[in-house]
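Enquirer: Okay, handing you the structure first.
The values are calculated or read from the model by the stated rules, or taken from the named source; none is laboratory data. Worth saying up front: this structure is predicted, and the values here are computed from it rather than measured. Backbone-built Cβ (ideal geometry, glycine too); neighbour counts: all protein chains shown.
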Amino acid sequence: MKRIIVIAAIAAVAACSKPAPAPEATSEAPIEAAADASPSAAGEATSLAADGKPSVGMYKVTTGDGKVFMEEVKPDGTYVQTEGGKVTQTGKWVQKSPSEYCATKDEAGAKEECNVEGIDAKGVWTSKDPEGHVATVERVG
């Protein structure tokens, strides 16, 4: 009798312990795959500039004394400044927040300098360097 009870108990446990079914494909699977293909997954951080758009792009910068230059902010973390079509400066950049853009010139002993950026009440994008000089920034292209 004890053997019958033991065999019945084993059979009952075996019947209850079915392997879990394989998860069904859902609409979330393509979303996860798309997220894995994002620039962040490829090693490029997507940062936002003061205007709320990605930091990468071409900009026209006008300094307080009227000097105008173009700055190309590249996805590989480098930038190139040009004046009149000639390269005047290169370096590395990082957008720490929409209000803090930092750059390090490609020069021996150069240190990172961070500008405070924002959009004023009139919709003008300004960038203030560590010395307090203010420039206006326009996204182009």
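Enquirer: Are there any pairs, at least 6 apart or on different chains, whose C-beta atoms fall under 6 Å, with the first in region 118-141 and within 16 Å of Asp65 (Cα to Cα) and the second surrounded by 14 or more Cβ atoms within 10 Å (Cβ to Cβ) and acidic (Asp, Glu), and if so, which?
Expert: What qualifies is Ser127/Glu117.
Enquirer: For region 93-100, indicate whether the set of residues that are part of a strand (DSSP E or B), among the hydroxyl-bearing types (Ser, Thr, Tyr) and modelled with pLDDT of 95 or more is non-empty.
Expert: yes
Enquirer: I would also like to ask the following. Would you check if Lys60 is basic (Lys, Arg), closer than 15 Å to Glu138 by Cβ and assigned to a strand (DSSP E or B)?
Expert: Yes; evaluated as a whole, the condition is true for this residue.
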